[in-house]
Amino acid sequence: MPKLRVGIVGAGGSVAAVHFQAYQGLPCIDVVAGAEVNVEGLDRVTRRWGVNGYTDFKDMLAREKLDIMCICVPARYHRAVAEVIAGHGVHILIEKPLATTMEDGEAILDACRRAGVKLYYGASYRSLTANMKAREMIRSGAIGDVSMAMEIVIGGSGLDSYSECGPHHYAPGTPGGCGMGIMDHGIHLIDLFRWFLGSEVKTVFGRGNISGEHPASEHVTATFGNGAVAHLIANTISFPTQLPTEGVFRWGGNWDAQNNLSLEPGWSPHPVNFQVYGSTGAIKVYPYAEQLVHFTKDKLTPVRLDHRPMPGNFAMQMESFVRSIRHDEAPAVTGEDGLAALRVILAAYESAARQQLVTL
């Protein structure tokens with residue numbers, strides 16, 4: 001069966017680097033081209049990965065006969081880029097967040113429907129093996145009825161070290177913040193908890209940082225239709241308080257609480273993790289370290305995983321997308337999933353503006 005031809009737009013960024021690394025050696029695709037407006041960045045990409053390079057993604061679309069385009073440009077440009085790609089009849093894998101407004105997110109979905117192309121929302125957290133195992137355990141009843149899920153991300157070394165995504169990613173005055181804030185990272189967890197529980201969010205209370213404005217603590221409290229509550233807390237202008245003994249070894253790549261990227265195994269002194277609590281037990285999950293611990297009344301048990309560490313999760317989502325294209329099936333993670341997660345995060349911003357609970 002012939003390989004599908006893949007191009008990456010926004011090829012010079014750190015997220016695109018993870019995509020390039022993950023796709024090496026996959027038998028189902030050939031990554032043939034990358035587009036990047038920064039000439040120096042494009043030169044690095046073409047030399048490192050041996051792909052054809054373009055400064056204009058429209059030229060890449062016209063010349064390369066692509067089957068799939070991965071959108072890795074900043075989120076504020078997702079709609080403009082996706083509408084052009086869909087118009088060329090090319091399937092789309094789009095990075096999170098789907099968009100920065102509901103209007104833009106819905107327009108992306110509409111463009112793909114009209115063009116008859118498939119849209120895979122890049123919820124790469126779903127393909128981390130620890131998260132996949134956590135869902136399997138939750139769905140099998142291993143911790144009983146889920147009542148709460150929680151993630152707390154604290155990192156940084158004071159306000160002077162704070163680095164937000166910036167105006168190139170989120171327009172000034174709009175929802176934004178840093179890479180480990182609720183808009184950029186927390187949206188992963190909202191999608192993950194929806195996937196774990198098979199339930200939609202009904203109410204939201206919270207606040208998030210605004211691009212270009214003074215940062216503060218961010219939080220989201222989301223109540224699901226089945227009664228479970230998810231809490232997300234992020235503060236990346238303070239200082240982590242984990243002790244050295246609370247670190248973990250990871251088998252693959254990692255984004256840490258300061259949003260630093262590594263694609264090598266190593267020690268994580270402040271590992272990102274989350275917990276899910278149920279009526280008969282609980283689980284603690286270290287997604288990038290590929291560790292999961294099961295707590296019950298009488299004991300705690302480390303859970304064995306089938307390891308495929310990051311960036312293996314990016315490879316798995318591409319493999320899944322290729323299968324859906326070849327079998328003409330809906331993608332495992334849809335644009336609607338991306339829109340649902342975006343709706344929850346934007347509701348937290350609405351909650352802060354109105355100083356009240358928002359009902360979806």
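When region 8-41 is limited to residues that are loosely packed, with under 15 Cβ neighbours inside 10 Å and not acidic (Asp, Glu), the one that is nearest to residue 74 (Cα to Cα) turns out to be 14.
To keep it simple, each residue is scored yes or no on (1) among the small types (Gly, Ala, Ser); (2) touching a His at 6+ places or on another chain (Cβ under 7 Å); (3) buried (at least 20 other Cβ atoms within 10 Å of the Cβ).
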{"site": "43", "(1), (2), (3)": "no, no, no"}
{"site": "77", "(1), (2), (3)": "no, no, no"}
{"site": "86", "(1), (2), (3)": "yes, no, yes"}
{"site": "95", "(1), (2), (3)": "no, no, yes"}
{"site": "121", "(1), (2), (3)": "no, no, yes"}
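Among residues of region 325-360 being among the charged types (D, E, K, R) and closer than 20 Å to residue 185 by Cβ, the one that is least open to solvent (accessible area, probe 1.4 Å) is 337. Among the residues that make up region 332-348, is at least one of them part of a strand (DSSP E or B), over 22 Å from residue 177 (Cβ atoms) and not acidic (Asp, Glu)? Within region 332-348 (the criterion being part of a strand (DSSP E or B), over 22 Å from residue 177 (Cβ atoms) and not acidic (Asp, Glu)), the answer is no, since none of the residues qualifies.
Could you list, in sequence order, all residues of region 1-44 that are over 21 Å from residue 85 (Cα atoms) and in a helix (DSSP H, G or I)? Result: 14, 18, 21, 22, 39, 40, 41, 43, 44. State whether one or more residues within region 266-289 are more than 30 Å from residue 216 (Cβ to Cβ), in a loop (DSSP other than H, G, I, E, B) and touching a His at 6+ places or on another chain (Cβ under 9 Å). Yes - at least one qualifying residue is present in region 266-289.
Looking across region 22-71, the residues that are at positive phi and free of Cβ contacts under 8 Å to residues at least 40 places away in the same chain come down to 25, 50. Against the definition (touching an Asp or Glu at 6+ places or on another chain (Cβ under 6 Å), surrounded by fewer than 24 Cβ atoms within 10 Å (Cβ to Cβ) and not aliphatic (A, V, I, L, M)), how does residue 5 come out, yes or no? Spelling it out, residue 5 is indeed touching an Asp or Glu at 6+ places or on another chain (Cβ under 6 Å), surrounded by fewer than 24 Cβ atoms within 10 Å (Cβ to Cβ) and not aliphatic (A, V, I, L, M).
Of the strands (runs of 3 or more DSSP E) lying entirely inside region 182-252, those containing at least 2 residues that are in contact with a Gly (Cβ under 6 Å, 6 or more places away or on another chain) and surrounded by 15 or more Cβ atoms within 10 Å (Cβ to Cβ) span 218-224, 229-235.
The values are calculated or read from the model by the stated rules, or taken from the named source; none is laboratory data. Note that the structure is a prediction, hence the values are computed from the model and not measured. FYI the Cβ positions are ideal-geometry reconstructions off the backbone, even for glycines, and counts take in every protein chain you see. Keep in mind that these areas ignore ligands, DNA and RNA; they rest on the heavy atoms of the full protein, side chains included. Shrake-Rupley method; radii C 1.70, N 1.55, O 1.52, S 1.80 Å.
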